Amino acid sequence: MNIHEYQAKALLRSYGAPVSDGRAVLRAEEAKTAAGELDGPLWVVKAQIHAGGRGKGNFKEAEAGEKGGVRIAKSVEEAANEARKMLGRTLVTHQTGAPGKQVNRIYIEDGSDIARELYLALLVDRQTSRIAFVCSTEGGMDIEEVAHKTPDKILSFSVDPASGLSDFHGRRVAFALGLEGAQVKQCVGLIRTLYKLFVEKDMEMLEINPLIVTPGGQLKCLDAKMGFDGNAIYRHPDIAALRDETEEDPKELAASKFDLNYIALDGEIGCMVNGAGLAMATMDIIKLYGAEPANFLDVGGGATKEKVTEAFKIITSDPNVKGILVNIFGGIMRCDIIAEGVIAAVKEVGLQVPLVVRLEGTNVEKGKEIIKGSGLNVIAADDLSDAAEKIVKAVKG
Ligand code: ADP
Ligand code: MG
């Protein structure tokens, strides 16, 4: 689960990390009061969406000469004006893709003078199963590009959870960032703070880009991106409360309400599978036969008729779906129950595209009979390859 920059900064502030004073604005009428509460003489007006690259992004509705999603204003009135202009518009950045994202919230914060822009991130390194630091002197811009063109400018190392974090790690970051004197101590303190926050809140990712050095030599977090482990959110009601559902894919949102593991992809074959491993294998075999999956969907081991129906609705609501492959292994689940669920779902939501069903496992014969006897236009398949071949053929001819 991701949160907005202004929410991330509030968390940073509550842990004592250096951030600017700022106000979140949800309605145009609030903009002037919010800006007026800040000191100036510079105000920075920032579109809040769950995507980076806002500064270099563009609004679909932009008028000639207008800039991106991060704007500097020299007065309260100007700041309020910029905020009003951005609210409700659609911001397109390299991370949002062409459709862009509607801006429903604005963050107005004190402008900072910047001497240097650095990059700092913490993330869970899946390879080592440890928390890793990533830092670079090349902050502010696209870190992917830095990684691609000048990988030597990025330092990355992980922390052994047994011995934990020590000042050594902080100093290592400080030296890699070219910090000197009192800044090293500040950096060591900041690294401690960020690591504590990361661990305590079960984060997956914490990115400060840019971390700046002011002309006076102070470190400050000028941007903040945070991602949290969805499986640990139940432990953090304060974080759960920060969820902004308007930022999520509507199909993924609907799926999460029914406890379905669903991830939207951009292929043409919708998949309904039980078990994450089987779902991965199903996606692989669809690709092997020359098509692309439209989604990852694991209905889980204990899928009920209701869940199967819901899963079907989500798949069929995707206009990219040109065919559906149901691939179920009845272990704990019985195939006849699944077959009944599929039939009920098809009857309820209708079927505009070819549907291939492959069943295997407990009560498989009974399941197949139910599907055959339903009179619906369902293509039965015997095994995984057969199923993939049939659905790809049905879709691509
Ligand atoms: P994004 O990464 O989405 O483009 P950032 O918050 O990193 O958004 O802002 C982009 C750039 O705007 C920063 O690299 C920095 O140069 C400038 N900027 C952002 N916030 C401030 C601020 N409070 N004061 C001065 N400059 C800022
Ligand atoms: Mg940034």
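Listed values, structure above:
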| read-out | value |
| --- | --- |
| Residue-level accessible surface for D266, protein heavy atoms, 1.4 Å, Å² | 140 |
| Cα-projected label distance for D386 with A162, points at 7 Å along beta-carbon direction, nm | 5.1 |
| Residues T304 and M205, FRET efficiency given R0 of 35 Å [Cβ-Cβ distance, rounded to 0.05] | 0.55 |
| Residue-span extension gain [A240 to S374] - 0.36 nm each, minus C-alpha spacing | 43.9 nm |
| Exposure of S14 as accessible area (Å², to 10), given a probe of 1.4 Å and all protein chains | 90 |
| On Cα atoms only, tilt of 276-288 relative to the major axis of the chain in degrees | 80 |
| Separation of the N320 and T128 label points, Cα + 7 Å toward Cβ, nm | 3.5 |
| For region 2-68, projected area of the alpha-carbon convex hull averaged over all directions, nm² | 6.0 |
| Ratio of Rg to Rh over region 116-240 (Cα coordinates, Kirkwood Rh, two decimals) | 0.96 |
| Region 186-202 - phi-based ³J(HN,Hα) in whole Hz, Karplus 6.51/-1.76/1.60, Gly and Pro as x | 4, 5, 4, x, 5, 4, 4, 4, 5, 5, 4, 4, 4, 6, 5, 9, 6 |
| Volume per residue that the Cα convex hull of the chain spans, once the total is divided by residue count, Å³ | 171 |
| Among L384, L351, N81 - extreme Cα towards positive end, dipole of the chain, charges at beta-carbon | N81 |
| On Cα atoms only, tilt of 5-14 relative to the major axis of the chain in degrees | 60 |
| Size of electric dipole in region 116-240: Cβ of Lys, Arg +1 and of Asp, Glu -1, about Cα centre, debye, nearest 20 | 380 |
| Global geometry of region 250-396, whether rounded, prolate or oblate, following the gyration tensor of its Cα atoms and the 1.5 cut on a/c | rounded |
| Between 0 and 90°, nearest 10: helix 76-86 axis offset from the chain longest Cα axis | 20 |
| Accessible surface, region 43-142, averaged per residue in Å² (probe 1.4 Å) | 45 |
| DSSP bridge orientation in region 250-396 - percent antiparallel, rounded to nearest 5 | 20 |
| Where GluC sites (Glu not before Pro) in DSSP loops with at most 16 other Cβ within 10 Å are excluded, longest remaining stretch of the chain | 249-397 |
| Anisotropy class of region 37-77 from Cα gyration tensor, a/c 1.5 cut | oblate |
| Distance from region 228-287 to region 337-389 (C-alpha centre basis), Å | 23 |
| Alpha-carbon Rg/Rh ratio, for region 348-392, with Rh computed the Kirkwood way | 0.97 |
| Potential extension, D259-L42 segment - 0.36 nm per residue separation minus Cα distance | 73.5 nm |
| Kirkwood Rh and Cα Rg combined as Rg over Rh, evaluated for region 24-121 | 0.97 |
| Built amide H within the under 5 Å cut-off of E204, gap 5+ | G227, F228, D229 |
| Shape category assigned to region 90-173 from the gyration tensor of Cα positions, a/c cut at 1.5 | prolate |
| Mean separation of Cα contacts under 8 Å (6+ apart) over length of region 21-110, as relative contact order % | 44 |
| Gain upon complete extension [E66, M141; 0.36 nm per residue less C-alpha separation] | 25.0 nm |
| MRE, 222 nm, helices only [DSSP H, n ≥ 4, -39500 (n - 2.57), over the chain, to nearest 500] | -10500 deg cm²/dmol |
| Relative contact order (%) - criterion: Cα under 8 Å, at least six apart; region: the chain | 12 |
| Accessible area (Å², 1.4 Å probe, nearest 10) - T150 | 40 |
| Residue pairs, from the table K9/K85; K257/K307; K251/K313, whose Cα atoms sit over 18 Å apart | K9/K85 |
| Percent carbon-and-sulfur accessible area, the chain, ignoring ligands, DNA and RNA, probe 1.4 Å | 51 |
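The values are calculated or read from the model by the stated rules, or taken from the named source; none is laboratory data. It should be emphasised that the depicted structure is a prediction, and the values quoted were computed from it without experimental measurement. Cβ: placed from backbone, ideal geometry, glycine included. Neighbour counts: every protein chain shown. Heads up: the accessible areas ignore ligands, DNA and RNA and are worked out on the full protein's heavy atoms, side chains in. Shrake-Rupley method; radii C 1.70, N 1.55, O 1.52, S 1.80 Å.
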